[in-house]
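See structure below.
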Amino acid sequence: MGIRTGQQYKEGLRSPREVYINGERVTDVTQYPAFRRPIEAIAKLYDMKHDPRHQATLTFPSPTTGDLCDICFMPPKNAEELGKKTAAYKLFAKSTYGVMGRSPEFMNAHIMGIAESSKFFGKWGQQFEDNMNRYFEYVRENDLFLTHALGTPQIDRSKASHEQRDLFLHLGVKEETEEGIIVRGAKQLATMGPITDELLVFPNGRAFKEGDERYCMAFAIPVSTPGLKMLCRQPFVPNDDRNVYDHPFSSRFEENDAMVVFDDVLVPWERVFFYNNIEAANTMRFNADVSIHATHQATVRKLVKFGMAAAIASKLTDSVKTNVFPQVAERVGIIIAMLKSHESALFAAEQCGEYNDNGNWRPNKDFLEAQNILYSKNNEVIVDLIKQMGAAGLMLTPSGSDFFGPESENFQYYFSGANSDGFHRVQIAKMAWDFFGDAATQRLLHYERFYIGDPMFYAAGYSNRANIREWLDLTDELLAQGREQFSAKVQ
Ligand SMILES: Cc1cc2nc3c(=O)[nH]c(=O)nc-3n(C[C@H](O)[C@H](O)[C@H](O)COP(=O)(O)OP(=O)(O)OC[C@H]3O[C@@H](n4cnc5c(N)ncnc54)[C@H](O)[C@@H]3O)c2cc1C
């Protein structure tokens, strides 16, 4: 089949599914006000793949049928092909101004990376490796939109999964049948879950202990599987009536998050990648290519968001000419420097990659993980800098309709900027506030801090994973020099 249209994506969402939100069960997610615009934003991404202006950038021929497939599924053969994927990720991300972390590209890149590591699953049985390869091909050929749920519900973090007050609070295998495994319990959480086609479950890399075997599994099932329930958080933008002048981002791009409950769900054997396997659960996340292509896509998406931040800071300060003050210009300069250093790290990661065991190109893990760690910290700095430079202008923002209401002249006059009327100046301030201050975009900042897993564990793990051999050797050389003068005395 190959690439789908936006309409086909929307039709797929009409498959029966259990979605609960704001006190009701939603039967048709495409008609639910809080989902309608995000669904339109995603549908546009599917349509872009059919647009003759973008098709060459966004697609590649399927290795099995020759039909056009989404390029995010393409294992890159070298740095040049990885660069082509960067161009595609960027084009997709620009369509949502970098504020949708979980548009389909993220999981498309992720499942491609996981399939590149399919031999990992084969260590516990050839059928698991085959299952992963077949599943990846199925997703690629049908152009499906995936979500994933890795963690366990918070409930009581001081206890292991098997020590919780109920055996099946955390998702666990209840029984094995001829058809597959029956799973019960919950996973926290699945961003975009209600409006995706498929759910991928695997562990988040936190250490499982002896006794936790039943909780250690990886599988994939359709979101419409009987017994699967999405329990959504309250939406920040519950209706689809916000206008784009007042809320350019939050009016369209809010991503919902859901607790996923499995009420004795059958996972067919061909969809199981491992189960009852502590070793696989504790090592999968950081194995080979499992996460790195998703990280690469996210780094490109963040580049677009950084670019937007730099441009917003520049326009905001120019609109009221605070940019003539050196300390304000300095803040804009710092944000631009963050953008450029992010861009150069991304380029270096693409060029300084390596070939994996399949002969395909893997971006430089150390460089991308470093950017991942620094990005959410830089995000917080950026928000603070924009708040400092925007001051009251970020708050004193009438609605767009005030410029056409009874006091329109005064609104235009007193809200004007150095070189623009009120309508144009206020639009820039609104864009800045909606970029990071609205509840929906503050959620994105929270997402960006946590989406890779607990940032503390991630950075702690990085201190062991990252290669600093060259610098350890240099310090060893220095230490050896110091010891030399005592060589006669030291054994
Ligand atoms: C907006 C948003 C969207 C997300 N989307 C997804 C998604 O689509 N799919 C998905 O799988 N996940 C998703 N996540 C979940 C994300 O992976 C987790 O938030 C992250 O792994 C942290 O886990 P937690 O939230 O359960 O926090 P917890 O593990 O409960 O941690 C809370 C605090 O306790 C500390 N802590 C917890 N355990 C320990 C310990 N053993 N030792 C020391 N300190 C500890 C942590 O450092 C942290 O400060 C999303 C998160 C957010 C915020």
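The values are calculated or read from the model by the stated rules, or taken from the named source; none is laboratory data. What you see is a predicted model; the values in this text were computed from it and never measured. Glycine also receives a Cβ, built like all others from the backbone with ideal geometry; neighbour counts cover every protein chain displayed. The protein model used for the area step is the full one, side chains on, heavy atoms only, and it has no ligands, DNA or RNA in it. Shrake-Rupley method; radii C 1.70, N 1.55, O 1.52, S 1.80 Å.
Can you check what the net charge comes to around Thr152, using other residues whose Cβ is under 11 Å from the Cβ of Thr152 (Lys, Arg +1; Asp, Glu -1)?
Net of charged neighbours comes to +2.
Separation between the Asn467 and Leu396 pseudo-spin-labels, each 7 Å from Cα along Cα→Cβ, expressed in nm?
5.6
Whole angstrom only: what separates the Cα centroid of the stretch 261-338 from the Cα centroid of the stretch 43-114?
Centre-to-centre (Cα) distance: 17 Å.
Among Trp471, Trp433, what's the order by accessible area (1.4 angstrom probe), most exposed first?
Final ranking, largest accessible area leading: Trp471, Trp433.
Over the stretch 6-286, average the accessible area per residue using a 1.4 Å probe and give it in Å², no decimals.
39
Which percent of the accessible heavy-atom area of the stretch 91-135 goes to carbon and sulfur, probe 1.4 angstrom?
50
Quick one: length gained pulling Met456 to Lys387 fully straight, 0.36 nm per residue minus the C-alpha distance?
Roughly 22.2 nm would be gained on extension.
Hey, rough spin-label estimate for Leu479 and Asp156, points 7 angstrom out along Cα→Cβ, what's it come to in nanometres?
Taking the simple label geometry, Leu479 and Asp156 are separated by 4.4 nm.
Calculate, for the stretch 374-439, the solvent-accessible area per residue in square angstrom, rolling a 1.4 angstrom probe over the heavy atoms of the protein chains.
Per residue, the stretch 374-439 has 52 Å² of solvent-accessible surface.
Write down Rg/Rh for the chain, rounded to two decimals, with Rg from the C-alpha atoms and Rh from the Kirkwood relation over Cα pairs.
1.01
Can you show me the helix-derived [θ] at 222 nm for the chain, built from DSSP H runs with n ≥ 4 at -39,500 (n - 2.57) apiece and divided by the number of residues, rounded to the nearest 500.
So the helix-based figure for the chain works out to -15000 deg cm²/dmol.
Might you work out the accessible area of Lys209 for me, using a 1.4 Å probe with all protein chains in place, and round it to the nearest 10 Å²?
Accessible area of Lys209: about 110 Å².
In whole percent, what relative contact order does the stretch 337-471 give with Cα contacts below 8 Å and a gap of six or more residues?
18
Quick one: putting +1 on the C-beta of Lys and Arg, -1 on the C-beta of Asp and Glu, what dipole do you get for the stretch 360-414 around its Cα centre, in Debye to the nearest 20?
With only Lys, Arg, Asp and Glu charged at Cβ, the dipole is about 400 debye.
State, as an integer percentage, the relative contact order of the stretch 1-118 based on alpha-carbon contacts under 8 Å between residues 6 or more apart.
Averaging sequence separation for qualifying contacts and normalising by length gives 22 percent for the stretch 1-118.
If I stretch the segment between Gln55 and Asn287 completely, what's the gain in nm (0.36 nm per residue apart, minus their alpha carbon distance), one decimal?
80.3 nm
Ranked from the most accessible area to the least, with a 1.4 Å probe and all protein chains present, what is the order of Thr299, Thr152, Thr64?
The ranking, largest first, comes out as Thr64, Thr152, Thr299.
Say R0 is 45 Å: what FRET efficiency, to the nearest 0.05, do Ile334 and Tyr138 get from their beta-carbon distance?
For Ile334 and Tyr138, the calculated efficiency is 0.45.
For the stretch 341-404 and the stretch 167-207, what is the centre-to-centre distance using only Cα atoms, to the nearest Å?
Each part reduced to its Cα centre gives a spacing of 31 Å.
Among Trp124, Ala207, Val99, pick out the residue whose Cα is farthest towards the positive end of the charge dipole of the chain, where Lys and Arg carry +1 and Asp and Glu carry -1 on C-beta, about the Cα centre.
Comparing the listed Cα positions along the dipole, Val99 ranks first.
What does the charge dipole of the chain about its Cα centre add up to, to the nearest 20 debye, if the Cβ of each Lys and Arg holds +1 and the Cβ of each Asp and Glu holds -1?
With Lys and Arg at +1 and Asp and Glu at -1, about 780 debye.
Please report the accessible area of Thr475 (heavy atoms, 1.4 Å probe, ligands and nucleic acids excluded) in Å², nearest 10.
We get 70 Å² for Thr475.
Below 8 Å between Cα atoms, with a sequence gap of 6+, how large is the relative contact order for the chain in percent?
Relative contact order of the chain: 16 percent.
Counting Lys +1, Arg +1, Asp -1, Glu -1, what net charge surrounds Ser401 among other residues with beta carbon under 13 Å of its beta carbon?
My count for the surroundings of Ser401 gives -2.
So for the stretch 6-286, taking the charge dipole from beta-carbon charges (+1 Lys/Arg, -1 Asp/Glu), which of Pro222, Ala281, Thr59 sits furthest toward the positive end?
Going by the charge dipole, the pick is Thr59.
What are the ³J(HN,Hα) values, in whole Hz, obtained from phi via the Karplus relation 6.51 cos²θ - 1.76 cosθ + 1.60 with θ = phi - 60°, for each residue of the stretch 36-41 in sequence order, with x given for Gly and Pro?
4, 6, x, 5, 4, 4
Using a 1.4 Å probe over the heavy atoms of the protein chains, calculate the carbon and sulfur portion of the accessible area of the stretch 27-74 as a whole percent.
About 54 percent, which is the carbon plus sulfur part of the accessible surface.
Mind checking which aspartates and glutamates have their C-alpha under 14 Å from Lys365, skipping anything on the same chain fewer than 8 residues away?
Qualifying aspartates and glutamates at Cα under 14 Å: Asp289, Glu350, Glu354.
Largest first and in whole Å, what are the equivalent-ellipsoid semi-axes of the stretch 292-473 based on the Cα gyration tensor, each being the root of 5 times an eigenvalue?
40, 16, 14
Where the accessible area of the stretch 307-351 is counted over protein heavy atoms with a 1.4 Å probe, how much of it, in %, is carbon and sulfur?
65
Hey, if you put +1 on the Cβ of every Lys and Arg and -1 on every Asp and Glu Cβ in the chain, which of Gly12, Ile111, Trp471 ends up farthest toward the positive end of that dipole?
Value computed over the given set: Trp471.
So how much slack lies between Arg36 and Ser15, counting 0.36 nm per residue of separation and subtracting their Cα-Cα distance, in nm?
Fully extending the segment from Arg36 to Ser15 adds 6.0 nm.
Report the charge-dipole magnitude of the stretch 113-162 in Debye, nearest 20, computed about the Cα centre from +1 at each Lys and Arg Cβ and -1 at each Asp and Glu Cβ.
320
What pairs in Lys315/Lys430; Lys340/Lys377; Lys85/Lys119; Lys49/Lys94 have C-alpha atoms more than 18 Å from each other?
Beyond 18 Å between Cα atoms: Lys85/Lys119.
Could you order Arg285, Arg465 so the one with the most accessible surface comes first? Probe is 1.4 Å.
The ranking, largest first, comes out as Arg465, Arg285.
To the nearest 10 square angstrom, how much accessible area does His424 have with a 1.4 angstrom probe?
100
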